[in-house]
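**Student:** Let me give you the structure first, and then I'll get to my questions.
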Amino acid sequence: MSGPVRRLFAVIVLMFGALVLFTSRWTVFEAKSLNDNALNRRQLLEQLEIKRGLIRAADGTVLARSVRGRGGVYRRTYPQGDLLSHAIGYWSISYGRAGLERSRNDELAGSGSDLGSIIDQLQGKRRDGDNVDLTLDPNAQRIAINALGGQKGSVVALDPHTGAVKVMASYPQFDPGQIATSYPKLASQPGAPLLNRATQGQYPPGSSFKVLTDVAAIDTGRFSPDSTLNGDSPKTISGVPLSNDGGQSFGDIPLTDALTHSVNTVWAQVGEALGRGTMAKYMERFGFYAKPPLDYPSDQRYASGEYLNGSLLSPTSGRIDVGRMAIGQDKLLVTPLQMAMVAAAVANQGVLVRPHLTARVVDPDGRVRDSVGTSVYHRVMKADTAQKVAQMMSNVVKEGTGTAAALSGIDVAGKTGTAEIQAGVNQVWFIAFAPINDPRVAIAVTVERSSGQGGTVAAPIAKQVMEALLR
Amino acid sequence: MSARNRELFGLIPAALLVTAGFTAIFIQRSAQVSNVSLTYGALFLGLCLAAHVVVRIVLPYADPYLLPLVAVLAGVGIVMIYRIDDTFARGQVISFLIGLGFFLGTLVFLRDYRVLERYRYLIALGSIGLLVLPRFSGSVNGAYLAIHAGGVTFQPAEFAKIGIVVFLASYLRDTRQVLVMGARRVLGVTIPPLKHFGPLLVVWGAAMLMLFVIRDLGSSLMFFGAFLSILYVATNRLSFVVVGLAMFALGAWAVGTHVPHVHSRIEAWQHPFNRRLYEAQGGSYQVAQLLFAQADGGVLGRGFGQSLLQIPGSSANLLPAPRTDLIYAVIVNEIGLVGACGLLGVYLLIVQRGFKAAVLARDSFSTLLAAGLTSVFALQVFVIVGGVTKLIPLTGVTLPFVSYGGSSIVANFALVALLLLVSDRARRPG
């Protein structure tokens, strides 16, 4: 009877092999998808027992703190209410995490894997989370929100030398401390208060995009600020007539003046002359067609570029009308963060640095664990080009469409944008930096569905925020 | 080295494992190495040595590996239970002591285990009685598996499985020849004479009845699988197994579609992450949590004592039944795929030793008994681990020697004692 016993044993070995295989399936092959499963609250629950670190603004204002509650479980509170809600995000057992609460989760939860924490872990001690200090200026942020005055829109202000984000305003806001009860309502509200318009808002840039076209024109050496083009209206661009604002004709006009008065027909001709390839090259250097680098969750950062039916086109796609794109029309959609980066690159002698929200990570004992420094993203243009473009932009504020942004005693370089959504409804823009000789702030302001112009609605908001940051 | 000395040395690593396990728990709990873990290890070693001495005297030729392997499993069980909830560790140690008592009792009083053959019908009747008993006690999650009396829970199926194997081994020793010789072959299928096949149909019917009476797919699979294993070893006819499996599948299908709680178990098995099933009472929450716990463990595990068992701030279990049926998930969570493979390896080695005894045995009854006991043991591991890993629908069976529960430990100790008795007789010279 030994034959059948041996075969029986073989069958049982196979069955045990299947057990090993299935254990491997859950522990190895499908572990990641199981850990990410929406029903799996294991990791969130574990973090209830951890004292998460503070989130602090640049001036030390506490933005988020963990408070010990019943049964030793920690609760997250946000002392500043809805101010900076989008940058901070939220932390909820039921609705997950967003914003910096998510992108800096490892630091805030103290799950760094250095030697000290391994010894703590062996001893079963839970380490408190690290504190995260931000670059954001709560005072300027408050001014930005007030200046938006209840209009939907966004303000992003950066230090062009370091990439430190000073203001990241998006209106409407939400209170991250109330997310446990308010989330379902917030998620379905038409104003989309959970959306961070600074990084997720996708808007037509209008004439503010002409700064980029200008950079490409000057930097390639094909044009100079004094190059003269014909600014009559209408002009045929890609076989379709294009008009200037109000149908105004400018005759032969140098590029500097064409920027000051935002002459569509001139910049469309420049775009056509440069062609798709050159425009694509400069757009990519500025960070278009990629998610902008930022210490913020990847799915809350959208790429800027030409979109068709909701998906990003190739930068050199044949569907791009390069003439109209050069003046910020066509299918171009951009985020306020991206436009602030455009201003920042011109401000910083043509060098684009990576924007960042975190200044440093500090452990509970006050030791600095990580300090976020300046890191170059791309050299976009020659320093000489940057100077010329800055000069052209300063004329916009001195005598052109952006006079409302002028600051007393400080030279401001800027560019307005007004993209018509429908008759009398515009997406209005203003991008700027100041002071011109030593820029300390680069800014992008946009307001949704405004009846005004970039120069009358967005420029005054930029003025107030720059004033607060330069004072 | 003699067999008994090999057994003796094999026990030392088992005791070291217990010491190491307790040390890890103490470090995790109080951040200090306590010499209590050494005491526990020494006590465990002492108990194992006592068992070894009895085996040395009573069964000098018995398989030397079975006892150390069982000691490893029991050690893992005690340490795991202590880690999950130390108030239950005491109970587990008491179960271990009673189990050891049964083990030694079986060795001493059933030295000639062949007397069991004389009482085979009584044993069969008793076993079926044991299986039906919980029906009068009340169900747990819809299945009738346990009897609750005076705060003590008794799982009769654990003992019934041994009784039924003893009966089948004895019955088939008598009839195996006629089942094959008297058979006619029709279309390549062996059809045994009805007179002798009848009782087997009765066994099949009983298994089906059990499926409906106990309402538990897993334990029915375990019993029926053991029956088919013994039948196969006795007759060497694959057709019997195939027909048997087909009939079982038919019965399982009928139960799966007609008994609501079995049906919901199957649904939960198929769609553990369906939100409706996940939130339903008795739905797929358990299966989903099992998989999450295993995924959390990964290859090397979270480390001893690092598994999240309760919802923070409350005493509610995140994973239901962590110390009984679902302990395998906690083991995978803490010591990972590697640890789980080690554990399955220990079980497989026990199975190998059991079958070895079956092959070496000199009489049919001993062969069938050893093969049957080993099969039922292996199938029990398969049913619960398969359930926890979603290989098959999850049903409530204990993980032998590791899960918390007196009946399971005591019955499995008796089972191993019988295997040792068979192997001693088989290896006795002359």
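**Student:** So for the protein assembly as shown: antiparallel DSSP bridges make up what percent, rounded to the nearest 5?
**Tutor:** 95
**Student:** A follow-up question, please. Under a Cβ-only charge scheme (Lys and Arg +1, Asp and Glu -1), can you give me the dipole magnitude of the protein assembly as shown about the Cα centre, in debye to the nearest 20?
**Tutor:** Dipole of the protein assembly as shown, to the nearest 20 debye: 3640 debye.
**Student:** Using a Gaussian network model on chain B with a 10 Å cutoff between Cα atoms, which of B:L211, B:L300, B:L369 fluctuates the most?
**Tutor:** B:L300
**Student:** Once R0 is set to 60 Å, what does the formula 1/(1 + (r/R0)^6) return for the Cβ-Cβ distance between A:Q178 and B:V132, expressed as a FRET efficiency to the nearest 0.05?
**Tutor:** 0.55
**Student:** So, one more: Could you tell me the center-to-center distance, by alpha carbons, between the stretch A:316-339 and the stretch A:11-68 in angstrom?
**Tutor:** For the stretch A:316-339 versus the stretch A:11-68, the Cα centre distance is 41 Å.
**Student:** Per-residue Cβ counts within 10 Å, from other chains only, averaged over B:381-389: what number is that?
**Tutor:** Counting Cβ atoms of other protein chains within 10 Å of each residue's Cβ and averaging gives 4.
**Student:** Is there a quick way to get the dipole size of the stretch B:3-427? I mean about its Cα centre, with the Cβ of Lys and Arg at +1 and of Asp and Glu at -1; what is the value in debye to the nearest 20?
**Tutor:** For this selection, approximately 960 debye.
**Student:** Only Cα pairs within less than 10 Å get springs; with that Gaussian network setup on chain B, which residue of B:G46, B:G225, B:G396 has the largest fluctuation?
**Tutor:** Evaluated over chain B, the most mobile residue of the options is B:G46.
**Student:** In whole angstrom, note down how far apart the Cα centers of the stretch B:86-120 and the stretch A:195-234 are.
**Tutor:** When both Cα centres are located, 88 Å separates them.
**Student:** Leaving out ligands, DNA and RNA, and with a 1.4 Å probe, what % of the accessible surface on chain B is carbon or sulfur?
**Tutor:** 67
**Student:** In the stretch B:37-69, what chymotrypsin sites (Phe, Trp or Tyr not before Pro) fall in a loop by DSSP, with at most 16 other Cβ atoms inside 10 Å?
**Tutor:** Passing both the DSSP loop test and the Cβ count: B:Y61.
**Student:** Give me the inter-chain shielding for A:215-225: mean count of other chain Cβ atoms within 10 Å, whole number please.
**Tutor:** What the average comes to for A:215-225 is 0.
**Student:** Counting heavy atoms of the protein chains only and a 1.4 Å probe, report the per residue accessible area for the stretch B:385-430 as a whole number of Å².
**Tutor:** 18
**Student:** Going Cα to Cα from A:K32, which lysines come in below 19 Å? Please leave out same-chain ones fewer than 8 positions away.
**Tutor:** Of all the lysines, those that pass the test against A:K32 - Cα under 19 Å, at least 8 places apart if same chain - are B:K390.
**Student:** Would you calculate, for the protein assembly as shown, the mean residue ellipticity at 222 nm contributed by helices, counting each DSSP H stretch of 4 or more residues as -39,500 (n - 2.57) and dividing by all residues, to the nearest 500?
**Tutor:** Taken over the protein assembly as shown, the calculation gives -17000 deg cm²/dmol.
**Student:** Grab the other residues whose beta carbon is less than 15 angstrom from that of B:N274, score K and R as +1, D and E as -1, and report the net.
**Tutor:** Neighbourhood net charge equals +2.
**Student:** May I ask which residue of B:M80, B:Q289, B:V402 lies farthest towards the positive end of the charge dipole of the stretch B:3-427, with charges of +1 (Lys, Arg) and -1 (Asp, Glu) on Cβ and the Cα centre as origin?
**Tutor:** Checking the options against the dipole of the stretch B:3-427, the answer is B:V402.
**Student:** Using the charge dipole of the stretch A:190-247 (Lys, Arg: +1 at Cβ; Asp, Glu: -1 at Cβ; taken about the Cα centre), state which of A:L194, A:S224, A:V240 has its Cα farthest towards the positive end.
**Tutor:** Going by the charge dipole, the pick is A:L194.
**Student:** Test of the criteria: in the stretch A:376-438, which trypsin sites (Lys or Arg not before Pro) are in a DSSP loop and have at most 15 other Cβ atoms within 10 angstrom of their Cβ?
**Tutor:** Within the stretch A:376-438, the qualifying trypsin sites (Lys or Arg not before Pro) (loop, at most 15 other Cβ atoms within 10 Å) are A:K382.
**Student:** More than 55 Å apart: what percent of Cα pairs in the protein assembly as shown qualify?
**Tutor:** Cα-Cα pairs in the protein assembly as shown separated by more than 55 Å: 37 percent.
**Student:** Please give the total accessible area that chains B and A bury against each other, computed with a 1.4 Å probe and expressed in Å² to the nearest 100.
**Tutor:** 4300
**Student:** Across 10 Å bins from 0, what is the distribution of all Cα-Cα pair distances for the stretch B:3-427, in whole percents?
**Tutor:** Spelled out bin by bin, the stretch B:3-427 gives 5, 21, 31, 26, 14, 3, 0, 0 percent.
**Student:** Same structure, new question: When the distances between all Cα atoms of chain A are binned every 10 Å from zero, what whole-number percent does each bin get?
**Tutor:** It works out to 4, 19, 27, 21, 13, 8, 4, 2, 1, 0, 0, in whole percents.
**Student:** Mean-square fluctuation check for chain B, GNM, Cα pairs under 10 Å: which of B:Q281, B:Q28, B:Q289 is largest?
**Tutor:** B:Q281
**Student:** While we're here: In whole Å, what is the distance between the alpha-carbon centres of the stretch A:141-157 and the stretch B:211-229?
**Tutor:** 70
**Student:** Could I have the simple spin-label model distance between B:V36 and B:V180, label points 7 Å from Cα toward Cβ, reported in nm to one decimal?
**Tutor:** A separation of 5.8 nm, rounded to one decimal place.
**Student:** Another question, then. Tell me the Kirkwood radius of the stretch A:17-80: reciprocal of the mean inverse pair distance over distinct alpha-carbon atoms, in Å.
**Tutor:** It works out to 14.7 Å.
**Student:** Using DSSP to call loops (not H, G, I, E or B), can you name the trypsin sites (Lys or Arg not before Pro) in the stretch B:346-429 whose Cβ has at most 14 other Cβ atoms within 10 angstrom?
**Tutor:** B:R362
**Student:** Name the long-range amide H neighbours of A:R360: under 5 Å, sequence gap of 5 or more, or other chain; modelled H, no Pro or chain starts.
**Tutor:** Correct list: A:D133, A:V372.
The values are calculated or read from the model by the stated rules, or taken from the named source; none is laboratory data. Small disclaimer: the values here were computed from a predicted structure and weren't measured. Heads up, the Cβs are rebuilt from the backbone with ideal geometry, glycines too, and the neighbour counts pull from every protein chain shown. These area figures cover heavy atoms from the full protein model, side chains too; ligands, DNA and RNA do not enter into them. Shrake-Rupley method; radii C 1.70, N 1.55, O 1.52, S 1.80 Å.
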